[in-house]
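Below you'll find the structure, written out as structure tokens, and then a few comments.
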Ligand SMILES: Cc1ncc(COP(=O)(O)O)c(C=O)c1O
């Protein structure tokens, strides 16, 4: 899979006359199909939080995906789109009694957990449900580690699933999440080891699982790091490690073992892009005495680029193919100083207020992390394209930075 800007997306971005986020449904469907070729036999439960956009969810559901929901509201959205309840699980270990009861009423029967307190609540409000226990991982190697808040130790997992069985629930599985935008294949090797050790420990308590959930974490390919350098995760090696790991876990289990994954970012990030525009390119003396350029855009941390503190997005300045470039800090439009990328980036010196800017690989965690109007900057409208929906011919691209 490539993260290069494809013609469909470029055409839609060029055609947009105001700010919006565009999702390429053909690209997302292709990404799903690629994942299925790499990991046949794995059931995908798309992590809705990464892109809770109806058209995107429908596109993935049409390919055969189910959904990982983090709240009753996400469950209700998936149901409204026609997704059967048995293809939705409640993947958030953090939930109130009311959340559990609502999910159960909506027909969801599979719940993530990581504590005996949560198990007791599931038994009370979703009697007879299937539970899987999330193991804690270090999060090392990921841009967002997701460690500490979720997951438990091997010993705790045994206690949790034993308590589940005693409470009339089905101790069905184990899960891990190696951290979002995981950059190392070793993280998957460690996760598989943890799963294997816990399965052996569970066997001593006569608990045999019917599935493992390998979580999210698969990376996107189109990001730059905080310093503006291309991130190059070893995706092929990750898939190879996952295939080996799955084989190992299946060989270890005393019963058939289904394998589930909850990718979010990997399926959508590189197939969404934002059409923003230039507010102003300025030059000012900084507190250190140096003069610096700042490029302010219409879009930033609070309206689509929430993840800008950990990574840089590639930018395209259409129409600016030639001419001088200057090094600038790129920032969003709000009065918040966090609303800026960390790195200096080359930008065309001739940029003028109103010029369009394309922000690439912005399809994940963009719509879900937009504020309702911080400083009066409301959420971006979204639009979708797919094969057959676009006009012919790409728009005028510019140099990508
Ligand atoms: C439980 C769970 N599953 C899946 C995901 C998706 O992760 P990613 O977008 O890194 O694939 C997340 C993200 O936070 C998560 O919390």
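The values are calculated or read from the model by the stated rules, or taken from the named source; none is laboratory data. The structure displayed is predicted, hence computed values, not measured ones. Glycine also receives a Cβ, built like all others from the backbone with ideal geometry; neighbour counts cover every protein chain displayed.
Side notes on the structure shown:
- Qualifying residue in the range 155-176 (condition: surrounded by fewer than 17 Cβ atoms within 10 Å (Cβ to Cβ) and under 19 Å from residue 70 (Cβ atoms)): no
- Complete set of residues in the range 228-244 that are in contact with a strand residue (DSSP E or B) (Cβ under 9 Å, 6 or more places away or on another chain) and surrounded by 12 or more Cβ atoms within 10 Å (Cβ to Cβ): 228, 230, 231, 233, 238, 242
This table checks each residue for (1) over 24 Å from residue 14 (Cα atoms); (2) out of contact with any helix residue (DSSP H, G or I) (no Cβ under 6 Å at 6 or more places or on another chain); (3) at pLDDT below 95.
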residue: 271; (1), (2), (3): no, no, no
residue: 281; (1), (2), (3): no, yes, no
residue: 300; (1), (2), (3): no, yes, no
residue: 317; (1), (2), (3): no, yes, no
residue: 321; (1), (2), (3): no, yes, yes
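- Test: residue in the range 42-49 that is over 12 Å from residue 263 (Cβ atoms) and over 17 Å from the mean Cα position of the chain (by Cα): no
- Scanning the range 247-258 turns up no residue that is within 16 Å of the ligand (Cβ to nearest atom) and in contact (Cβ under 8 Å) with a residue 40 or more places away in the chain.
- Single residue of the range 181-212 satisfying the filter (in contact with a helix residue (DSSP H, G or I) (Cβ under 7 Å, 6 or more places away or on another chain) and not in a helix (DSSP H, G or I)) that is surrounded by the fewest Cβ atoms within 10 Å (Cβ to Cβ): 205
- For the condition modelled with pLDDT of 95 or more, closer than 30 Å to residue 217 by Cα and either within 27 Å of the chain's Cα centre (by Cα) or in a loop (DSSP other than H, G, I, E, B) (or both), residue 361 qualifies.
- Count of residues meeting criterion [assigned to a strand (DSSP E or B), within 24 Å of the chain's Cα centre (by Cα) and more than 11 Å from residue 340 (Cα to Cα)] in the range 278-315: 1
- The residues of the range 78-99 that are within 16 Å of the ligand (Cβ to nearest atom) and more than 20 Å from residue 216 (Cα to Cα) amount to a single one, 99.
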